[in-house]
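Structure first, then comments.
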Amino acid sequence: YVISGSQWEKTNLTFRFLNYSPDVKFTKIRTVIYEAFRVWSQVTHLTFTEIMFGSAKKDADIRIMFAQKFHHDGYPFDGPGNILAHAFFPGENKGGDAHFDDDENWTVDSDEGVNLFMVAAHEFGHALGLSHSKTPGSLMYPWYAGKQSKYYTLPKDDVEGIQKLYGVKNSNNTPVIVLVPNHEGSKEDKDEKKEEEEDENKDEGFVDNCTHKFDAITRIRGDVYIFKGKYFWRWESGGMKDSSPILITQFWYNYPEDSVDAVFERKKGSKIMFFKGNKYWLYDANHMEKAWPIEGRPLTELGLPADLKKIDAAFTWSYNKRTYLVSDDMYWKFDENENYVVYDYPRDMKIWQGVPTPLDAAFQFNDGKTYFIKGKHYWEFLDSQMRVKTKLPTGNISERWMQCK
Amino acid sequence: QPRTQRSAGTNIQKKGMKYLMEFGYVNGPSLEMENLMSEEAQVKAIRRFQAFANLPLTGRLDHRTIEWMEKPRCGNKDTLPEDTWGNERKKR
């Protein structure tokens with residue numbers, strides 16, 4: 001057995017169904033999932049309690065979801081066959097969650113299709129902190145072994161692995177169903193919302209260049225452009241000549257939105273690409289590309305998923321001269337020649353070690369270095385080591401580029 | 001080789017390397033480095049996979065290796081024991 005390195009600090013774990021597969025009656029799915037948990041609770045002190053009602057926030061340690069292809073976690077499924085499911089090791093946010101590829105033909109008691117019990121029991125092993133074992137016949141062996149006997153008992157390798165993490169248990173445990181009231185609207189949630197609203201209100205009519213966070217930062221023809229709301233500042237090589245903001249529409253004619261999410265200059269033809277919400281615009285210098293619809297073109301035209309709300313950052317990485325689009329904790333490589341994202345994306349932002357998500361912006365400065373922006377701070381990135389220089393921010397944006405102290 | 005065979009071979013190689021990166025057999029910092037892999041690194045990665053799957057260690061994407069790569073599986077990475085990486089980590 002192999003231990004992942006993370007485990008739960010408690011033994012009374014909770015789980016929740018986010019949805020069900022249409023392949024199997026939901027009552028059967030529930031029974032099978034309980035049985036899959038029981039495989040692990042039979043040999044340890046672990047208990048599994050179902051949370052029946054939840055909020056949008058992380059409300060159960062293990063959340064169970066059926067999803068197809070791209071499903072907002074940076075690890076898209078691949079259609080029928082090959083990858084059947086995946087799960088995250090114990091931890092915050094997605095930690096512990098188990099996702100099942102709904103393009104598979106899930107079955108419960110048939111020899112056809114993919115047996116949900118076997119896959120779920122395996123995935124819960126990950127959710128509890130076990131990695132793949134190279135022992136054939138073990139539950140944590142990465143390859144699907146097909147339907148097993150109704151009276152499945154956990155192989156020795158897996159028993160030893162899970163007991164190493166959570167201790168030995170003699171008597172049987174079964175998951176307990178408990179109705180937990182929806183905690184939406186907790187004090188913590190409200191405080192966070194209030195803070196966000198205050199921040200938004202503060203931005204109304206914004207002209208101060210020293211006290212705020214920014215929407216987008218990019219380098220166009222050698223100069224750094226810093227966007228906030230309907231304004232931008234221009235940092236020319238040698239420093240900011242004029243600290244007063246300029247209206248975006250005064251410079252990029254007919255831009256229809258009141259802010260930008262991300263901007264970057266394409267290598268080919270030096271055209272400038274603006275992103276706002278689920279739309280994008282292309283500018284040739286100050287003018288919108290000929291025949292471009294004023295309301296913008298949909299991001300789906302670039303091969304991005306239809307349910308993508310926005311692009312947080314767009315940048316060309318100096319290390320390999322490729323362009324990347326970032327949204328929340330996922331990113332895509334963008335092929336400028338094809339005007340389309342590369343086929344095996346999105347991927348998880350964790351690859352860019354230490355980069356905070358969701359990002360506000362990312363760009364390459366005149367010094368050749370890549371900078372990632374979040375809030376009022378920037379992080380310098382060490383390209384060849386694929387990590388940020390320091391976990392803490394390298395500096396403050398306003399002080400570095402806006403001549404603020 | 002005829003051109004079609006050659007390009008089929010390249011596709012298999014590319015697909016195989018993607019699989020090895022996706023499932024943790026490449027001793028590199030990131031999937032973003034995929035174009036920069038040397039032939040030696042590719043052979044090592046294939047051998048690691050073959051060792052994990054209990055296949056003959058040919059270092060090539062032979063039909064048994066490809067067959068194994070096409071089997072249904074869990075999407076999580078395979079964590080390899082420290083000694084699987086040989087001297088590479090010690091050197092660094």
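The values are calculated or read from the model by the stated rules, or taken from the named source; none is laboratory data. Predicted, not measured: the structure shown is a model, and the values here were computed from it. Quick reminder, even Gly has a Cβ in these numbers, built from the backbone with ideal geometry, and neighbours come from all protein chains shown.
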Kindly indicate which of A:33, A:64 is part of a strand (DSSP E or B) and either at pLDDT 90 or above or within 13 Å of another protein chain (Cβ to nearest Cβ) (or both).
-> A:64
Among the residues of the stretch B:7-21, is any at the interface with another protein chain (Cβ under 9 Å from one of its Cβ atoms) and modelled with pLDDT under 90?
-> yes
Of the conditions (1) aromatic (Phe, Trp, Tyr); (2) in contact with a helix residue (DSSP H, G or I) (Cβ under 7 Å, 6 or more places away or on another chain); (3) closer than 30 Å to residue A:350 by Cβ, residue A:235 clears all except one; give me its number.
-> (3)
Checked against (1) crowded, with 18+ Cβ neighbours inside 10 Å; (2) in contact with a helix residue (DSSP H, G or I) (Cβ under 8 Å, 6 or more places away or on another chain), residue A:7 satisfies every condition except (1)
Determine if the stretch A:104-125 includes at least one residue that is in a helix (DSSP H, G or I) and more than 23 Å from residue A:22 (Cβ to Cβ).
-> yes
Among (1) surrounded by fewer than 19 Cβ atoms within 10 Å (Cβ to Cβ); (2) among the β-branched types (Val, Ile, Thr); (3) closer than 22 Å to residue A:273 by Cβ, which single condition is residue A:370 missing?
-> (1)
Would you check if residue A:84 is assigned to a loop (DSSP other than H, G, I, E, B), touching a helix residue (DSSP H, G or I) at 6+ places or on another chain (Cβ under 7 Å) and either crowded, with 24+ Cβ neighbours inside 10 Å or away from every other protein chain (no Cβ under 11 Å) (or both)?
-> no
Of all residues in the stretch A:87-103 being in a loop (DSSP other than H, G, I, E, B) and touching a residue at least 40 places away in the same chain (Cβ under 8 Å), which is surrounded by the most Cβ atoms within 10 Å (Cβ to Cβ)?
-> A:96
Out of A:78, A:73, A:59, which single residue is crowded, with 17+ Cβ neighbours inside 10 Å, in a loop (DSSP other than H, G, I, E, B) and among the charged types (D, E, K, R)?
-> A:73
Any hit, the stretch A:382-404, residues being under 26 Å from residue A:75 (Cβ atoms), in contact with a Pro (Cβ under 9 Å, 6 or more places away or on another chain) and among the polar types (S, T, N, Q) | yes
Pair list, Cβ under 7 Å, 6 or more apart: the stretch A:338-360 residue farther than 24 Å from residue A:93 by Cβ, other residue part of a loop (DSSP other than H, G, I, E, B) = A:340/A:303; A:341/A:303; A:341/A:304
Is at least one residue of the stretch A:143-154 within 12 Å of chain B (Cβ to nearest Cβ), surrounded by 22 or more Cβ atoms within 10 Å (Cβ to Cβ) and modelled with pLDDT of 95 or more?
-> no
Which one of the conditions (1) within 11 Å of another protein chain (Cβ to nearest Cβ); (2) in contact with a helix residue (DSSP H, G or I) (Cβ under 9 Å, 6 or more places away or on another chain) does residue A:90 fail to meet, given that it meets all the rest?
-> (1)
Residues satisfying the stated conditions in the stretch B:54-77, i.e. of a type in the set (A, V, I, L, M) and away from chain A (no Cβ under 11 Å) = B:55, B:57, B:61, B:66
Within the bounds of the stretch A:285-296, is there any residue that is of a type in the set (A, V, I, L, M, F, W, C) and closer than 24 Å to residue A:331 by Cα?
-> no
From the list A:257, A:236, A:204, which residue is surrounded by fewer than 19 Cβ atoms within 10 Å (Cβ to Cβ), of a type in the set (D, E, K, R) and at pLDDT 85 or above?
-> A:257
Out of (1) out of contact with any Asp or Glu (no Cβ under 9 Å at 6 or more places or on another chain); (2) within 30 Å of residue A:351 (Cβ to Cβ), the one residue A:111 does not meet is (2)
Evaluate the following for residue A:70: is it within 11 Å of chain B (Cβ to nearest Cβ) and over 21 Å from residue A:24 (Cα atoms)?
-> no
Among strands (runs of 3 or more DSSP E) lying entirely in the stretch A:285-367, which contain 2 or more residues that are within 14 Å of chain B (Cβ to nearest Cβ) and surrounded by 15 or more Cβ atoms within 10 Å (Cβ to Cβ)?
-> A:313-317, A:322-327, A:330-335
Log entry, pairs with first residue in the stretch A:115-141 being within 8 Å of chain B (Cβ to nearest Cβ) and free of Cβ contacts under 8 Å to residues at least 60 places away in the same chain, second being in a loop (DSSP other than H, G, I, E, B) and crowded, with 21+ Cβ neighbours inside 10 Å, beta carbons closer than 6 Å, six or more apart or on different chains, reads A:122/A:139
